[in-house]
Each structure stands twice: as structure tokens, then as C-alpha cells.
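Engineer: Would you mind keeping the following structure in view while I ask a few things?
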Amino acid sequence: MPQNNTPSLYHWYIEASRKDERMNLDRFSQGLPDPQDADVLAYCDCCGKEIYEGEEVYTVYDAVIHAEDECLFGYFGIEKMTIEEALGVEK
């Protein structure tokens, strides 16, 4: 079996500590941005809910919808079902 020569995170930390180059965690000091501070830029053409600044969306022709399966499927009227239900076959 070939050996994995990639150093683990533990080994990386030990090496960095020896060099006194510790990991900088300042990026976590402010926490996550408050979603209530985000600006509403549009409303989903499927569910009608707010779409906030920085949120990912799908554009379908001229429509803007949430980048979620529920909104995408709802916009096109796609339903998930078994093959028997789709063919109207009763068990």
C-alpha cells in the first residue's frame, strides 16, 4: 500500500509552532454578518420571498428565483414522484 506523504494538520501546526508562525484567526473576530443588515434587492418570482444582497439566484429568461431546488422546480411546475405515479399505474 502506498504511503501518504501529505502532512496532517497536527504536524503542520507543530512545525508552524516551532517556527513561531502560528495561524492567524483574526478573520473570525467579527463573526458572521447579521442577515437583518442585508439589503433586499428583489423578490423571488416563484415563492415571492425576499432576495438579499449577496444571495445566489437562478435567472430563467427574465425571472429571478432563489438558487434552491424547491423554487426552481416550482417555477417550472416539476413534481417528484415514482414512475408508477407518473404512469398512473395502481399497485
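Engineer: Less than 12 Å Cβ to Cβ from VAL40, Lys/Arg counted +1 and Asp/Glu -1: what total charge do the surrounding residues give?
Structural biologist: That works out to -4.
Engineer: Once Lys and Arg get +1 and Asp and Glu get -1 on their Cβ, which of CYS47, VAL64, TYR75 lies farthest toward the positive end of the dipole of segment 35-80?
Structural biologist: Final value for the positive-end residue is TYR75.
Engineer: Is segment 35-80 rounded, prolate or oblate when judged by the Cα gyration tensor, a ≥ b ≥ c being the square roots of its eigenvalues, rounded requiring a/c under 1.5 and prolate requiring a/b larger than b/c?
Structural biologist: Taking the square roots of the gyration eigenvalues as a ≥ b ≥ c, segment 35-80 is prolate.
Taken together, the values in this text are just the output of simple stated rules run on the coordinates, not laboratory data. Note that this is a predicted model, so its numbers are computed, not measured. All Cβ positions, even for glycine, are placed from backbone atoms using ideal geometry, and neighbour counts span all protein chains on display.
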